[in-house]
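Taking it in order: structure first as structure tokens, then the write-up.
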Amino acid sequence: MSSLPEFEYATPATPAEAAALLGPDWTDTVVYAGGMDLLDLMKERITAPKRLVNIKKCDALRFIRTDDDGALRLGALVTLAEIAASDTVRTAHPALAQAAGLAATPQVRNMATLGGNLCQRPRCWYLRSEDFPCLRKGGDRCYAKEGENRYHAIFTEGEPCVIVHPSATAVALSALGAEIKVLSKGGATRTIPMAEFFLTSSQNLQRENVLKPDDLIVEVSVPGAARGLRSHYIKLREKQSYDWPLADVAVAARLEGATVRDPRIVLGSAAPVPHRAAKAEEFLANKPLTEENAARAGELAVEGAKPLAQNGYKVTLYKVIVRRALMALAGGEEGRS
Ligand SMILES: Cc1cc2nc3c(=O)[nH]c(=O)nc-3n(C[C@H](O)[C@H](O)[C@H](O)COP(=O)(O)OP(=O)(O)OC[C@H]3O[C@@H](n4cnc5c(N)ncnc54)[C@H](O)[C@@H]3O)c2cc1C
């Protein structure tokens, strides 16, 4: 592993001070939270900001609470370990606790923050190697399309680059209809729905989300759970001790008796953004939650997939985990909120 390039370092004590230090672009200044991804990218010479704004002393960004409106609110500095262990999260939105708890290793989860997890860059080995001038680094081709692509996207239609979105919490938060609150340099705040936060590679080849250089994520909120909302997350990986997903899925729905209301099915590691399986949701809405319907939803979830030369196996994985995750909603405490 290479050494770090030189950089300046600031340690503000409040979110407002931190936001005031940001901008004008990412080659100048970036937010430094747990550092799990940022320092990696700097060591690999994929990014070389002049200044890091270390937000770890901004204690106002560390909280997990449920407000009077029923919304679950999490500060940007909450760690994956804290999310996974939180009774509040586990009770209200098990899929989020499961996604956080299955990500990475215990050591990484103790450092990795929610804001950083959402903003980490894709794991594509061509992007991560300085030897490959790929599209995301201003080059003229996506090496994965014709190269080693077993972990890449299966929803590839119209995508010039076939990365998969890397954040586990994003998959769960997308299924739960979460929102991201951002504070920018001038002190203004805005709220971005998860569905509008991430960018496909056809939308933007340099950035994976809509944040601007002077934006600081301060909070993620999940709206007040409609009574009886259930959720569940499943991740399949090659190495069970810790690994990135081959395929993961989060599902959320209400059950009235056995009838499914407002289902949301989001596939991770399948596309450049968390992939909403709209046809499967439409099929399942207002139907009984049976093995047969869950299996059909699994089939529909991968409709339209155009796998690459080495990752056709993922299609089968999604069919299986969508069915399993949906059936988990029906049974036991695990999928219940
Ligand atoms: C061995 C290993 C296995 C892993 N497996 C998984 C996995 O299975 N699933 C998974 O989801 N992740 C996995 N990860 C990734 C890890 O979870 C992320 O690197 C980590 O969550 C990043 O969080 P951080 O706080 O360290 O972010 P940092 O590295 O500090 O920052 C990452 C990016 O987010 C930006 N950022 C951070 N906080 C904010 C904020 N508040 N506002 C605006 N921008 C911000 C930074 O500027 C930077 O661009 C793995 C990592 C390792 C090393």
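The values are calculated or read from the model by the stated rules, or taken from the named source; none is laboratory data. For clarity, every value in this text was computed on a predicted model and none was experimentally measured. Here the Cβ is made from the backbone with ideal geometry for all residues, glycine too, and neighbour counts use every protein chain on show. Surface accessibility is based on the protein's heavy atoms, side chains included, excluding ligands, DNA and RNA. Shrake-Rupley method; radii C 1.70, N 1.55, O 1.52, S 1.80 Å.
A single member of A76, A103, A97, A84 is in contact (Cβ under 8 Å) with a residue 24 or more places away in the chain and more than 8 Å from the ligand (Cβ to nearest atom), and it is A84.
Of the residues making up the stretch 41-58, those that are open to solvent by 20 Å² or more (accessible area, probe 1.4 Å), at pLDDT 95 or above and either closer than 25 Å to A172 by Cβ or within 12 Å of the ligand (Cβ to nearest atom) (or both) number 2. Residues that are touching a residue at least 40 places away in the same chain (Cβ under 8 Å) and either near the ligand (Cβ under 8 Å from one of its atoms) or exposed (fewer than 12 other Cβ atoms within 10 Å of the Cβ) (or both) within the stretch 1-17 comprise M1, S2, S3, E8, Y9, listed in sequence order.
Taken as a whole, the stretch 28-36 holds at least one residue that is part of a loop (DSSP other than H, G, I, E, B), touching a Pro at 6+ places or on another chain (Cβ under 9 Å) and surrounded by fewer than 16 Cβ atoms within 10 Å (Cβ to Cβ).
Within the stretch 163-203, being part of a loop (DSSP other than H, G, I, E, B), over 30 Å from R141 (Cα atoms) and either open to solvent by 30 Å² or more (accessible area, probe 1.4 Å) or not small (G, A, S) (or both) holds for L176, K185, G186, G187, A188.
Conditions tested, residue by residue: (1) under 18 Å from D243 (Cβ atoms); (2) among the hydrophobic types (A, V, I, L, M, F, W, C).
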site	(1), (2)
L96	no, yes
A104	yes, yes
S129	no, no
L135	no, yes
Y143	no, no
T156	no, no
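Looking at the stretch 226-265, which of its residues are open to solvent by less than 10 Å² (accessible area, probe 1.4 Å) and within 19 Å of G312 (Cα to Cα)? Selection gives A247, D248, V249.
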